[in-house]
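No value in this document is a laboratory result; all are computed from the given coordinates. Worth saying up front: this structure is predicted, and the values here are computed from it rather than measured. Here the Cβ positions follow ideal geometry from the backbone for every residue, glycine too, while neighbour counts run over all protein chains shown.
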C-alpha cells in the first residue's frame, strides 16, 4: 500500500459505502495511519491509497504517540455553519498548498472501526480535516476549491504531476485506467456488498 499522487484516476473515483468491517479492513486502517504519519499528514482517505471505500483516518497531532486517532466510515456531513479560510495541502499532491474557504463548523455522522456510531458537531481544524477527507471520498480535491488566480499559480506543478503519472503508466509501474477500474471493482466486491 502506498499513497497515490495526482492525477491518479482513483482520486477522481467516487467511493462506495463500506458494508463489511473485518480483520482485513482493520489492517488497511492500521496501514493508512502508518502511511499518514510517515508522510507527516493529519488525514488520509482510502482512495488516496487506491481503495474506493468511504473511509478516512484523522489524527490532528500527526503523531502516533500524540493526539486522537479517529476512523470515519461512511461519513455524512451536514449543518454547515460559519466560514473560515485557511491554507490546505494534500498528501496526494505534495508541496502544493492554497487557501480554501470552508464552513467553520459541520455535523458529521459516521461509524468507527468498531461499528459504533459517530454523531457529533465539530469545528476548527477537525471540521476542516473532515471536510477535506470527505471531499476525497466524493472525488473532489482541494485544488478544485482554489480561486482561479491561485490555480494559475500552481498549473506548472500540476503539469509536472501529470507528466510523471503518464511516464509511470507508460513504464507499467502503475496500471492504465481500464486495469485500474477492474481493480477498484474487485475491492468494492470485498467491502461494499
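Suppose we filter 122, 150, 169 for residues that are closer than 20 Å to residue 80 by Cβ and free of Cβ contacts under 8 Å to residues at least 60 places away in the same chain; which single one remains?
Working: 150 fails: closer than 20 Å to residue 80 by Cβ; 169 fails: closer than 20 Å to residue 80 by Cβ.
Matching residue, one of 122, 150, 169: 122.
One residue alone among 26, 79, 2, 14 is assigned to a strand (DSSP E or B) and surrounded by fewer than 19 Cβ atoms within 10 Å (Cβ to Cβ), and that residue is 79. Taking the criterion of being on the phi > 0 side of the Ramachandran plot and in contact (Cβ under 8 Å) with a residue 40 or more places away in the chain, the only residue of segment 27-63 that qualifies is 50.
The residue that is farthest from the chain's Cα centre (by Cα), among those in segment 105-149 that are surrounded by fewer than 16 Cβ atoms within 10 Å (Cβ to Cβ) and in a helix (DSSP H, G or I), is 149. Only one of the listed residues (99, 32) is surrounded by 21 or more Cβ atoms within 10 Å (Cβ to Cβ) and either under 30 Å from residue 166 (Cβ atoms) or in contact with a strand residue (DSSP E or B) (Cβ under 6 Å, 6 or more places away or on another chain) (or both). That residue is 32. Taking segment 53-67, which residues are surrounded by 23 or more Cβ atoms within 10 Å (Cβ to Cβ) and part of a loop (DSSP other than H, G, I, E, B)? Correct list: 54 only. Quick check, is residue 70 more than 25 Å from residue 21 (Cβ to Cβ) and under 18 Å from the mean Cα position of the chain (by Cα)? For residue 70, the condition - more than 25 Å from residue 21 (Cβ to Cβ) and under 18 Å from the mean Cα position of the chain (by Cα) - is not met. Residues that are touching a helix residue (DSSP H, G or I) at 6+ places or on another chain (Cβ under 8 Å) and closer than 26 Å to residue 24 by Cα within segment 153-175 comprise 174, 175, listed in sequence order.
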